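The values are calculated or read from the model by the stated rules, or taken from the named source; none is laboratory data. Keep in mind the model is a prediction, meaning the values are calculated, not measured. Here the Cβ is made from the backbone with ideal geometry for all residues, glycine too, and neighbour counts use every protein chain on show.
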Amino acid sequence: MKGHIIYGMLCGVVAVQSLAGDTNIFTCRVGDLEVHLLVEYTGQGKSSVLLGASEADLRRYLPGGTYQAQTHTLLIRSPERVLLVDTGFGGRLFEHLKTLGLEPAQVDAVLLTHMHPDHIGGLQREGKALFPRASLYLSRQEKAYWTETAAHHGAVAALAPYGARVRTFSPKSIEAAEELLPGVRAVAAFGHTPGHTLYQVESQGQKLLIWGDLMHVQDIQFPLPAVSVSYDTDPQAAGAVRKQVLAYAAENRIPVAGMHLRYPAVGRVSPDGAGYRFSPLEEAATQGR
C-alpha cells in the first residue's frame, strides 16, 4: 500500500490514513482485505425526518435541528477479487475509483444493500452497465419489491443492463447468515426497505459489518435506536432490527461501517446506558496511540 501510513487498530481492523489525508477516502484492513470507504455526498439533513423522537430528545441530541448527512460506498479489494458495496448516486464514485487506480471493468461484483436511488445511481447510464464485468447481488425480497410490487422505473432501469448477471438470494438472520461469496455473509435487516441487507466480511479471523442504511442520524439513533426516519418502509421493523444489530456488534466486538455515518464511518459500537455510543476507527486509533 504505497503512500499509506498505518494509523492504529481496533478489534483487529487496522486503520490507515489514506492518500495524504484525503477526507473523501478512508482505508482500513480486515485481514488481507483492503477496505476503502468512499464519500459520495455531504450535506445537511433536518430533524423533521425523524420518527419517534420527542421534543426533549431533539433538544438534547440535535439542538440545532440539523445534522451532517453523508452517503458512502465501500470498495473491498482482496487478492482474488474487487467488490463494491452500493454505488451511491454515481457521482464521485468513478473519480474515487480512478484515484485508487481502478477502472470500472475491474470490479467483479456489486453487492446492493437495497435499491434506493442513493445506492443504485451508479449502476447504469443511458441503458448501459457502468460495471461491464460485474455481477450484481441483491436480496430476492428487495428485487421483487422494487421491480414487481412497487414497479419503480429507476430500479428496473438500474438492473436491466446486467441481465443474467443479476443474482438474487434470501438473506438470513445475523446468527444464521450464510456465505454469499468467499468471506462475505449476507444478513437480513428488513425494515428500512423490504429486502434491506447487511454484509459481514471476514478475513484471517477479522470481521467488519457493513450495515448499509441501518442508521441515518447517528447523533440520536445510537443513544435512541428506536427512533426511525420517514423514509423507512417499516419504521417499527427498522427500529427493531437496529437494536438487534447494535447489540450483536457491541457484544461480539465487531467493527461496523455505515453508508450514512459521518466520515470515517467505520468504528466500534459499545453500550451506553439504555443505548449505544459509536467510536470512529480514526478516533479510537488516535486514543490508543
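If I ask for residues that are in a helix (DSSP H, G or I), buried (at least 20 other Cβ atoms within 10 Å of the Cβ) and touching a residue at least 60 places away in the same chain (Cβ under 8 Å), which ones from the stretch 219-238 would you list? Listed by number, the list holds a single entry, I220.
Return yes or no: is V110 within 29 Å of A69 (Cβ to Cβ) and either surrounded by fewer than 21 Cβ atoms within 10 Å (Cβ to Cβ) or at pLDDT below 95 (or both)? So V110 fails the test. Whenever a residue of the stretch 190-212 is hydrophobic (A, V, I, L, M, F, W, C), its partners that are modelled with pLDDT under 95 and buried (at least 21 other Cβ atoms within 10 Å of the Cβ), lying with C-beta atoms within less than 7 angstrom and at least six residues away or across chains, give the pairs L208/V13. If you go through the stretch 157-181 and pick out every residue that is loosely packed, with under 14 Cβ neighbours inside 10 Å and not in a loop (DSSP other than H, G, I, E, B), you end up with 4. As for the stretch 109-116, it holds no residue that is more than 22 Å from V266 (Cα to Cα), free of Cβ contacts under 8 Å to residues at least 60 places away in the same chain and in contact with a strand residue (DSSP E or B) (Cβ under 7 Å, 6 or more places away or on another chain).
Yes/no per residue for (1) among the β-branched types (V, I, T); (2) farther than 18 Å from S48 by Cα:
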residue	(1), (2)
V229	yes, no
P235	no, no
A238	no, no
K243	no, yes
A257	no, yes
Y276	no, yes
E282	no, yes
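Here Y248 clears all of (1) in a loop (DSSP other than H, G, I, E, B); (2) over 18 Å from L50 (Cβ atoms); (3) not acidic (D, E) except the condition numbered (1).
Within the stretch 193-206, track down each residue that is surrounded by 18 or more Cβ atoms within 10 Å (Cβ to Cβ) and farther than 29 Å from P132 by Cα. Working first, answer last.
Our first condition is that a residue be surrounded by 18 or more Cβ atoms within 10 Å (Cβ to Cβ); within the stretch 193-206, this holds for 193-203, 206.
The one that is surrounded by 18 or more Cβ atoms within 10 Å (Cβ to Cβ) and farther than 29 Å from P132 by Cα: Q206.
In the stretch 128-142, is there at least one residue being acidic (D, E), buried (at least 17 other Cβ atoms within 10 Å of the Cβ) and touching a residue at least 60 places away in the same chain (Cβ under 8 Å)? So far as the stretch 128-142 goes, no, none of its residues is acidic (D, E), buried (at least 17 other Cβ atoms within 10 Å of the Cβ) and touching a residue at least 60 places away in the same chain (Cβ under 8 Å).
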